[in-house]
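Below is one structure, written out as structure tokens; comments come after it.
The values are calculated or read from the model by the stated rules, or taken from the named source; none is laboratory data. Everything numeric in this text was worked out from a predicted model, so none of it was measured. Please note: Cβ atoms are built from the backbone with ideal geometry, for glycine as well, and neighbour counts cover all protein chains shown. Please note that ligands, DNA and RNA were not included when accessible areas were found on the heavy atoms of the full protein model with its side chains. Shrake-Rupley method; radii C 1.70, N 1.55, O 1.52, S 1.80 Å.
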Amino acid sequence: MLRDKLVDSLRNEECRVVSPTDFSEATEAVTQEIFDLILCDYWMRKTDGVAFFNLIRDLQKTAVKVLMAGYPTGLTKSDLRRAGIDHLIKKPAAFECVKTLMEDLAHGKPRSFRPMESKTKGGPSTWQ
């Protein structure tokens, strides 16, 4: 499972990781502490990642928010921006995309929106 792989990889990088399994757990986590980075899959039990980010937009103003999605049908860049999403990682995503975002955070680079794809997969972005 991609989530388990990301959690293991982030922990190997000595990051503190909270890994909720559903919308309720994720909502509870973001109301209890401030995060530097929030990764969320588009598909969630009971909702989707865009709805989740819309809900937490004002709770986690300083966090870099990243949506991961395999099939971007129907979503536009402006939909993602309205939800407060800073970056999009298209699945299947390699850990290198997340690592690049972490390095950007560590070096204080600006959070301009950008879609990211694994360099090993290639191909153009299908996001509008």
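Evaluation of Gln32 against the conditions (1) modelled with pLDDT of 90 or more; (2) surrounded by 13 or more Cβ atoms within 10 Å (Cβ to Cβ); (3) not charged (D, E, K, R) shows that the sole unmet condition is (2). Taken over the stretch 1-18, residues that are without any contact (Cβ under 8 Å) to a residue 24 or more places away in the chain and of a type in the set (D, E, K, R) amount to 5. Within the stretch 51-70, one or more residues are touching a Phe, Trp or Tyr at 6+ places or on another chain (Cβ under 8 Å), part of a loop (DSSP other than H, G, I, E, B), modelled with pLDDT under 80 and open to solvent by 20 Å² or more (accessible area, probe 1.4 Å). Residues in the stretch 14-29 that are out of contact with any Leu (no Cβ under 9 Å at 6 or more places or on another chain), surrounded by fewer than 17 Cβ atoms within 10 Å (Cβ to Cβ) and among the hydrophobic types (A, V, I, L, M, F, W, C): Val18, Ala29. Among the residues making up the stretch 74-110, those that are part of a loop (DSSP other than H, G, I, E, B), open to solvent by 80 Å² or more (accessible area, probe 1.4 Å) and modelled with pLDDT of 60 or more are Pro92, His107, Lys109.
Of all residues in the stretch 35-46, those satisfying the criterion of being within 19 Å of Ile89 (Cα to Cα) and either loosely packed, with under 15 Cβ neighbours inside 10 Å or at pLDDT 85 or above (or both) are Phe35, Asp36, Leu37, Ile38, Leu39, Cys40, Asp41, Tyr42, Trp43.
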